[in-house]
1. Within the set of pairs 6+ apart or on separate chains, which have a first residue in region B:322-340 that is more than 9 Å from chain A (Cβ to nearest Cβ) and under 14 Å from B:Thr235 (Cβ atoms), a second that is in a loop (DSSP other than H, G, I, E, B) and of a type in the set (Gly, Ala, Ser), and C-beta atoms under 6 Å apart?
2. Is there a residue being under 25 Å from B:Ala145 (Cα atoms) and modelled with pLDDT under 95 anywhere in region B:56-77?
3. Please work out which residue is farthest from B:Gln307 (Cα to Cα), limiting yourself to region B:1-53 and to residues that are among the basic types (Lys, Arg) and modelled with pLDDT of 95 or more.
4. Looking only at region A:8-24, count every residue that is assigned to a helix (DSSP H, G or I) and either out of contact with any strand residue (DSSP E or B) (no Cβ under 6 Å at 6 or more places or on another chain) or among the aromatic types (Phe, Trp, Tyr) (or both) and tell me the total.
5. Residues in region B:210-232: is at least one within 14 Å of another protein chain (Cβ to nearest Cβ), of a type in the set (S, T, N, Q) and under 16 Å from B:Val342 (Cβ atoms)?
6. I want to confirm something. Restricting to region B:139-156 and keeping residues that are without any contact (Cβ under 8 Å) to a residue 24 or more places away in the chain and within 19 Å of B:Ser192 (Cβ to Cβ), which single residue is surrounded by the most Cβ atoms within 10 Å (Cβ to Cβ)?
7. How many residues are surrounded by fewer than 16 Cβ atoms within 10 Å (Cβ to Cβ), farther than 17 Å from B:Gly293 by Cα and either in contact with a Gly (Cβ under 8 Å, 6 or more places away or on another chain) or touching a residue at least 60 places away in the same chain (Cβ under 8 Å) (or both) when one looks only at region B:21-51?
8. Can you pull out every residue in region A:1-24 that is farther than 16 Å from B:Ala95 by Cβ and either at the interface with another protein chain (Cβ under 8 Å from one of its Cβ atoms) or among the hydroxyl-bearing types (Ser, Thr, Tyr) (or both)?
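The values are calculated or read from the model by the stated rules, or taken from the named source; none is laboratory data. Worth saying up front: this structure is predicted, and the values here are computed from it rather than measured. Every residue, glycine among them, receives a Cβ derived from its backbone with ideal geometry; neighbour counts consider all protein chains shown.
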Amino acid sequence: MRVTVDRDRCIGAGNCALIAPAVFDQEPDDAVVVLLDETPPEDSRPAVQEAVDRCPAAVIVLAAG
Amino acid sequence: MSLPALPLPREWELPFDPPGPAGSRLVRVACPTGLSAWLVSDYAGVREVLGDGRRFSARPGQASHMLTAFDPDSEPEGFTRLDGPEHVRIRRNFAPQVSHARRLTELKPLIEEITDRAITRMLASPEPFALHSAFSTAVTTEVIAELIGVPAAQHHLLRDAAQAIFTTTTTADELRAALEPLFVYLYQAVASRRAEPGDDILSRMILLSASNERPLTDAELVDMNAALLIAGFDTTASMITYGLVALLNTPGEWDRLVADPGLAVPATEELVRYLGVGTGLLRRATEDTTIGGQAILAGDYVVVSVQSGNRDAALYPDAEVLNIARKPGSHIGFGHGAHACVGQQVARMELNTVLAALATRVPTLRIAVPVGDIEWKRDTVVRGPVELPVAWS
């Protein structure tokens, strides 16, 4: 699985970093998402999918591969 | 032919019901302020509208279909009515203070301490005890005031402002008059924190934004902090009280929480899903478009019924049931899209801290009157009981 984020539209709501802290962090100054792992291990798929579903700004995309 | 009225919750008849069923067919409705709008009530439709700020603008104001004082055609004052990059710029000044995962870890002990003190006061009080005013509102007021550095002597400023802004019948003149004392106080606070910063949210916003390309202006700082103070206590307090009525009135749910206070985390999500935003949110189409096959013209108003959407079987097959152990899914009780509740992480933390602490320290908590005798707030967009008498011995 491959994860991408659109940092330009991120509002820093923090859901992703709270749900999947091994994959997502936040910038200290504006809380914008920081992608820690573009190709996270398969066992993190449920958490990453939840982060996708619960991102209010819909800036996280999960693709196969 | 006159349009049907926008359906609204009727807690005094059906305490926990959404204003209407989730339906995929859009209907034209007349809103309390006189606006005509398309009503969207299914989960997919609500999520689509709130999630697409390009097609559906927030400029008319989040609740201008309910609130007399707000003119949807007026020039936007404040970030809640901005769209696109302008809005994102403001949001990013909030986020490090109220929705950064590490910052939230720092806030937890403060919220626990305020909650514990309030429960100790409650247990030392005579019964029946007025839970909404003396506990829920006391806790949430103290949390947000402490975070922004507003002393107890000034708490009445945010109470008066919230009362005016959330009441549907408040006129524009009355609202201006009610907000003025809070704004005067906040302009003074901005000046004093610029001169002598503390560790509060206002000071942190000033310091962090100083290095930005466009540092926040005094007017923006006042707008943002007023929004946190006003929206930060009444909505959360009402959800605590309303949520407790639902928990205590649904057979088995309170006992489950007492048996496992760890359920406070999913219970928080479930209560916000079940009871949140009954009066809906307003948007305006920026272009000719469609929702669920219905043609919408540029300039048309759209009201999304968040609570009906959250009861849609498309979200959960048994969405009509309150189940505090439900695996949290993507409910829209804090809204959705770029304008989703700014304070949602702090609100979550307050709710789950309060629920776990009450279940642990006051397991025998009960409503001291028949549920049919509870008086409900009516002329407001922040729903819940006017007061909740409770007992525990």
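1. B:Gly333/B:Gly276
2. yes
3. Among residues in region B:1-53 that are among the basic types (Lys, Arg) and modelled with pLDDT of 95 or more, the one farthest from B:Gln307 (Cα to Cα) is B:Arg28.
4. If we filter region A:8-24 for residues that are assigned to a helix (DSSP H, G or I), which is where we start, we get A:8-9, A:15-19.
Now drop any that are not either out of contact with any strand residue (DSSP E or B) (no Cβ under 6 Å at 6 or more places or on another chain) or among the aromatic types (Phe, Trp, Tyr) (or both), which leaves A:8-9, A:15, A:18-19.
Residues meeting the conditions: 5.
5. Step one: of region B:210-232, the residues within 14 Å of another protein chain (Cβ to nearest Cβ) are B:210-216, B:224.
Imposing the further condition that a residue be of a type in the set (S, T, N, Q) reduces the set to B:211-212.
Now restrict to residues that are under 16 Å from B:Val342 (Cβ atoms): none.
No, region B:210-232 contains no residue that is within 14 Å of another protein chain (Cβ to nearest Cβ), of a type in the set (S, T, N, Q) and under 16 Å from B:Val342 (Cβ atoms).
6. Let us first name the residues in region B:139-156 that are without any contact (Cβ under 8 Å) to a residue 24 or more places away in the chain, namely B:151-153, B:155-156.
Adding the requirement that they be within 19 Å of B:Ser192 (Cβ to Cβ) leaves B:151-153, B:155.
On the way: B:Pro151: 8, B:Ala152: 10, B:Ala153: 7, B:His155: 18.
Out of the qualifying residues, it is B:His155.
7. Qualifying residue count for the region: 2.
8. Hits for region A:1-24 are A:Thr4, A:Pro21.
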